[in-house]
1. Would you please list the contacts, defined by Cβ atoms under 8 Å and residues six or more apart or on different chains, that run from a residue in segment A:140-166 that is without any contact (Cβ under 8 Å) to a residue 12 or more places away in the chain and among the acidic types (D, E) to a residue that is outside any loop (DSSP other than H, G, I, E, B) and open to solvent by 40 Å² or more (accessible area, probe 1.4 Å)?
2. What are the residue pairs meeting all of these: first residue in segment A:108-127, first residue more than 7 Å from chain B (Cβ to nearest Cβ) and over 18 Å from A:T62 (Cα atoms), second residue acidic (D, E) and crowded, with 21+ Cβ neighbours inside 10 Å, Cβ atoms under 6 Å, and 6 or more apart or on different chains?
3. Here's a check for you: in segment B:230-241, which residue that is open to solvent by 40 Å² or more (accessible area, probe 1.4 Å) and part of a loop (DSSP other than H, G, I, E, B) is nearest to A:K120 (Cα to Cα)?
4. Find the residue count for segment B:194-229, including only residues that are outside any helix (DSSP H, G or I), without any contact (Cβ under 8 Å) to a residue 60 or more places away in the chain and of a type outside the set (S, T, Y).
5. Show the residue pairs meeting these rules: Cβ distance below 6 Å; 6+ apart or different chains; first residue within segment A:2-23 and assigned by TED's automatic domain parsing to the domain that holds A:A40; second residue open to solvent by 40 Å² or more (accessible area, probe 1.4 Å).
6. State whether the residues of segment B:41-58 include one that is of a type in the set (D, E, K, R) and more than 13 Å from chain A (Cβ to nearest Cβ).
7. Checking B:F117 against (1) closer than 22 Å to B:H233 by Cα; (2) out of contact with any helix residue (DSSP H, G or I) (no Cβ under 8 Å at 6 or more places or on another chain): exactly one of these is not met. Which one?
8. Restricting to segment A:2-43, count the residues that are part of a helix (DSSP H, G or I) and surrounded by 12 or more Cβ atoms within 10 Å (Cβ to Cβ).
Amino acid sequence: MKNPPALEQLIDSLRCLPGVGPKSAQRMAYYLLQRDRQGASGLALSLNNALQVVDHCKLCNTFSEQAICPLCESAQRDKTVLCVVEMPTDLIMLENTRAYTGMYFVLMGRLSPLDGIGPKEIHLDKLIKRANDGIVTEVILATNYTVEGDATAHYISELLRARGIKVSRIARGMPMGGEIEYVDTGTLAQAMLERRSVFK
Amino acid sequence: MASVSSHRQDNQSVYVLHTYPFKETSLVVELFSREFGRVATTAKGARRPRSAMRGMLQAFQPMLATWSGKLELKTLHGLEWNGCLLLLQGEALMCGFYLNELLLRLLPREDPHEALFAYYADTLKALASEQHLATTLRRFELKFLQELGYAIPLQQDANNAPILMQQHYRYEAEHGAYPIRGTLARYENGVQLSGKTLIDMLNDDYSDEQTQQQSKQLMRYLLAHYLGDKPLHTRQLLIELQGY
């Protein structure tokens, strides 16, 4: 037996979600139509609404309903430092630390040579324009410590250094409260290689 | 080596070539192993926040891997550090991605190449020292194609005559060097180069500037021939980055 065309179309649409194959998509569609029609219409409304009102902030590139997001507009932030992160979730993590009061730029990804993700996909031109506003004096690269994150940090730092902007990279090493006995070998090796002098 | 019947391989020397998402929380991990060549495995749950393997799945690090399974896609059970941390940075890192892309594109799965594995490890070490990146890449490209079984004749031309230092040649994939007589014409196929370049490449001597240039053109042409229509992402990325 075949599904009605509208249901078939819904199943097909659900497959655009990451990690959702034909089986999962069918399960989701059946669930929405049979068990939770209210939730389904809520989902349809909020999806439609989000598509219409959410765009990227003109300054930091994160998701925002306004042309300039509240964080970029805030008068309390230090406008001279700009922290570059890969994803909006990274921004939220850094905000939770309350250790940073500067501005952000969200790449919405990372350079990934083997997947064909290049400078256009991570909005490098927008970042260069943002960092060149005349107010930013330091750019902090807080991309992940993965090979792709490192490659991204390297290329951004080269591009910004050529334009006379000071660039730094967040530190890595032993975690907070970390015990040497239980830390993974790679982190420990890195911490040893990048040790720093105790007397300044 | 573990027994064949269990299809389990313990503590194999490997490098991670690439990972990509698989199902909701897993990854497909492409490995290059000493004894089995390129092996595709799945790391179950590796994208969960507290996965023990999460931080380990980094390219360019010598590791020991344990996997099992008899299908093409194996199950990865564990990864351990094997030897010291290799640090590829900046351009050397991009060269590393290039090597991995070559292996992913041209090396068939489960076709063991022990000599190539050793050469890959040495090449990563040479890249980590960040000296003569271009020469390191040329050596790897040549060795790589030869290991895969493609003949790249450097000693004799296509007519089995020895290569002459002063002679100009047109090098064609699958055939070799054809001497160019008289004026240099524009040819549709192949790369024009001097006999000296071929002799230098045979002797592994890349000190001459013309040799560096011509060997780069030759290798680019040969790789493009074997890669087919789809260009390399890493090369494309470098070209795009130069536009900034």
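The values are calculated or read from the model by the stated rules, or taken from the named source; none is laboratory data. These numbers were taken from a predicted model, which means no experiment stands behind them. Cβ: placed from backbone, ideal geometry, glycine included. Neighbour counts: every protein chain shown. Each accessible area value is taken on the protein alone, full model and side chains, heavy atoms only, with ligands, DNA and RNA left out. Shrake-Rupley method; radii C 1.70, N 1.55, O 1.52, S 1.80 Å.
1. Pairs found: none.
2. A:S112/A:E148
3. So the first thing to find is which residues in segment B:230-241 are open to solvent by 40 Å² or more (accessible area, probe 1.4 Å), and the list is B:230-231, B:233, B:235-236, B:238-240.
Checking which are part of a loop (DSSP other than H, G, I, E, B) leaves us with B:230-231.
Details: B:K230: 20, B:P231: 18 Å.
Per the criteria, the residue is B:P231.
4. The total comes to 5.
5. Final answer for the pair search is A:I11/A:Q26; A:L14/A:M28; A:G19/B:K23; A:G19/B:E24.
6. Among the residues of segment B:41-58, at least one is of a type in the set (D, E, K, R) and more than 13 Å from chain A (Cβ to nearest Cβ), which makes the answer yes.
7. In the conditions (1) closer than 22 Å to B:H233 by Cα; (2) out of contact with any helix residue (DSSP H, G or I) (no Cβ under 8 Å at 6 or more places or on another chain), B:F117 misses (1) alone.
8. 19
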